[in-house]
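What follows is one structure encoded as structure tokens, with my remarks underneath.
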Amino acid sequence: MELENEILYMGRPLGYALLQYSQNRNTPVSEFSGRVYELSKTEDGGIDAAWQKGIDEFRNHWPVEQEDWILLSQVGEVLGKTDRANQSSFIKMMREKFSVQEKKAEEDRARKEKLYKNLGILGGLAIVLVLI
Amino acid sequence: MQSGNTQSNRILTDIIPYLPGRVRYAVSNLDRPVLKDIDEIRLRAGRPVMLSCSGRDFFLWETGQVSEYPENGLVLSVDELNDMVLRICENSFYAYQDDISKGFVTIRGGHRVGLVGTPVVENGRIINIRDISSVNVRVAREITGCGDGIVKNLFKNNRDIYSTLIISPPGMGKTTLLRDIIRTVSNGIKNIFDGLKVGVVDERGEIAACYRGIPQNDLGCRTDVISGINKKEGMEILLRSMSPNVISLDELGNPDDVSTVLQVMNAGIRLLATAHGYDADGLRERRGFRELFEAGCFERFIIISANNEYLYELKVMDGEGNVLGIDRKNYRQHINSCEFSDGRVYLFPKTNRENRVYSGNSVILNGT
């Protein structure tokens, strides 16, 4: 995780770390971090407020569950507020939580895929039955 | 010499964004003669905000006026101070934790922000400061040319200088003078001095004031800066990696640095350093300096002292105590004040007081 490197290894301030991350990648997350950086320059409440505002802006664009938004919001609340050791353990904990969410989404997708496949078969069978 | 306007602008651009909203408003509305003379902005939880201007204290009102008395002063809450510290740390405590545990953070422009509160101690070492109760913003000044009158006394020939120690009590401009000497030694002087490679160990970030790797203060074209590291390690790295002719550091005096300073001297590298004190004799017996004096580390001493309220004296001496040169100067236009019956204060430059009443947008309080 590049942002983790910027924070823990390079020791860069959060705003600069977000900017670096957004410039080195071209993913939806890097787009989000770039936007948070932009907002932090104008928001009086600092990165914390900018992060929440970023979530509000991206909520309609990303097809993720409410639970994931809550997790992302928690990241914004703690990022930058503690020392390096605590940041490290927090990032590790959040990564595990996101992994669990990813696994759940994967299972959900597989289950739905199977359901749609079964629906397809059943639909096909129904058509065949009607034709008979 | 830096103009008053430049100094005011530095305060407005470098310091104001970090201040709590109400203080930001009040300081922005201060009169320019006051703004340019601010040495320190002292913020204390539950106490009125205080400005130190040219050695005098004034209390800040919410409207941007000042008074010599604390009544009606702008009082800050603990939350406002904590928010300010978070802003100073760029919302990133992890990036500033070493600085916070030392009790100060240097912000863009080289201004030092001192913090006190309740230290959090782990294994006998301070790892954080919580419940921050006081913040002191110390305004840095870059005065180009302030050492011009004495720098030639430090040249051994056109390719070498004498190892020099600048001595003065706190707040007299040691770092400002050191910065100017570094710049001259690094750039050289046409037909007089060729210029040398200078390595600067900027432990507190006050000499160069590096922001994202770029020195905010001009230290000359042959200067390499290592910042945010202790002097001992900084000197060792410079010695190994940058082959400097001169190594420069601020506030020498830690006994742990002695062996490395001697190592630097044995490598034929000249030293430019500062120390808190009043004269060379006072330092000679102090731990951390005794060994350096015995080894003959310093060949020149610059003693900064204040002759009277607004005249500084820079005296250059050799190792035997002979005076080689004296330069007297008035760094800044000092302020005077007169007080109204309700405690309001009218401020004007001291040097103008005899000839005329200063009329330039003066601080007359309550809009009068």
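The values are calculated or read from the model by the stated rules, or taken from the named source; none is laboratory data. Just so you know, these numbers come straight off a predicted model, no measurement behind them. Glycine also receives a Cβ, built like all others from the backbone with ideal geometry; neighbour counts cover every protein chain displayed. Heavy atoms of the whole protein, side chains included, go into the accessibility calculation; ligands, DNA and RNA do not. Shrake-Rupley method; radii C 1.70, N 1.55, O 1.52, S 1.80 Å.
Observations
- For first residues located in the range B:54-76 and under 12 Å from B:ARG24 (Cα atoms), partners that are surrounded by fewer than 18 Cβ atoms within 10 Å (Cβ to Cβ) and among the charged types (D, E, K, R) and lie 6+ apart or on another chain with Cβ distances below 7 Å form the pairs B:GLU62/B:ARG22; B:LEU74/B:ARG22; B:LEU74/B:GLU62.
- Considering the range A:12-35, and only residues there that are away from every other protein chain (no Cβ under 14 Å) and basic (Lys, Arg), the residue that is farthest from B:PHE93 (Cα to Cα) turns out to be A:ARG25.
Per-residue answers, yes or no, for (1) touching a Gly at 6+ places or on another chain (Cβ under 7 Å); (2) of a type in the set (D, E, K, R):
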residue: B:GLU71; (1), (2): yes, yes
residue: B:LEU76; (1), (2): no, no
residue: B:ASP99; (1), (2): no, yes
residue: B:VAL105; (1), (2): no, no
residue: B:ASN136; (1), (2): yes, no
residue: B:GLY149; (1), (2): no, no
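- Residue check, B:CYS221 surrounded by fewer than 20 Cβ atoms within 10 Å (Cβ to Cβ) and part of a loop (DSSP other than H, G, I, E, B): yes
- Scanning the range B:266-285 for residues that are among the small types (Gly, Ala, Ser) and not in a helix (DSSP H, G or I) returns B:ALA267, B:GLY268, B:ALA273, B:ALA275, B:GLY277.
- One residue stands out in the range B:130-170 among those that are over 23 Å from the mean Cα position of the chain (by Cα) and assigned to a strand (DSSP E or B): the one that is farthest from the other protein chains (Cβ to nearest Cβ), namely B:ASN157.
- From B:ASN191, B:ASN245, residue being surrounded by 18 or more Cβ atoms within 10 Å (Cβ to Cβ) and not small (Gly, Ala, Ser): B:ASN245
- Filtering the range A:19-57 to residues that are at pLDDT below 90, open to solvent by less than 20 Å² (accessible area, probe 1.4 Å) and either not in a helix (DSSP H, G or I) or not small (Gly, Ala, Ser) (or both) leaves only A:ILE47.
- The set of residues from the range B:33-48 being under 12 Å from B:LEU76 (Cα atoms), under 21 Å from the mean Cα position of the chain (by Cα) and open to solvent by less than 30 Å² (accessible area, probe 1.4 Å) comprises just one member, B:LEU43.
- Residue in the range B:257-291 that is most open to solvent (accessible area, probe 1.4 Å), counting only those that are closer than 22 Å to B:ILE226 by Cα and either at pLDDT below 90 or among the polar types (S, T, N, Q) (or both): B:ASN266
- When residues of the range A:37-90 are limited to those that are among the basic types (Lys, Arg) and more than 20 Å from A:GLU4 (Cα to Cα), the one farthest from the other protein chains (Cβ to nearest Cβ): A:ARG59
- Within the range A:1-11, if we keep just the residues that are within 14 Å of chain B (Cβ to nearest Cβ) and of a type in the set (A, V, I, L, M), the residue that is least open to solvent (accessible area, probe 1.4 Å) turns out to be A:ILE7.
- With respect to being open to solvent by 20 Å² or more (accessible area, probe 1.4 Å), closer than 19 Å to B:ARG10 by Cβ and either modelled with pLDDT of 90 or more or not charged (D, E, K, R) (or both), B:THR106 fits the description.
- Residue that is nearest to the other protein chains (Cβ to nearest Cβ), among those in the range B:57-99 that are assigned to a loop (DSSP other than H, G, I, E, B) and among the hydrophobic types (A, V, I, L, M, F, W, C): B:CYS89
- Residue within the range B:122-140 that is buried (at least 21 other Cβ atoms within 10 Å of the Cβ) and touching a Leu at 6+ places or on another chain (Cβ under 9 Å) present: yes
- Scan the range B:12-32 for residues that are under 19 Å from the mean Cα position of the chain (by Cα) and away from every other protein chain (no Cβ under 14 Å) and the total you get is 4.
- Neighbours by Cβ (under 8 Å, 6+ apart or cross-chain): first from the range A:1-26, among the basic types (Lys, Arg); second surrounded by 15 or more Cβ atoms within 10 Å (Cβ to Cβ) and in a loop (DSSP other than H, G, I, E, B): A:ARG12/B:SER92
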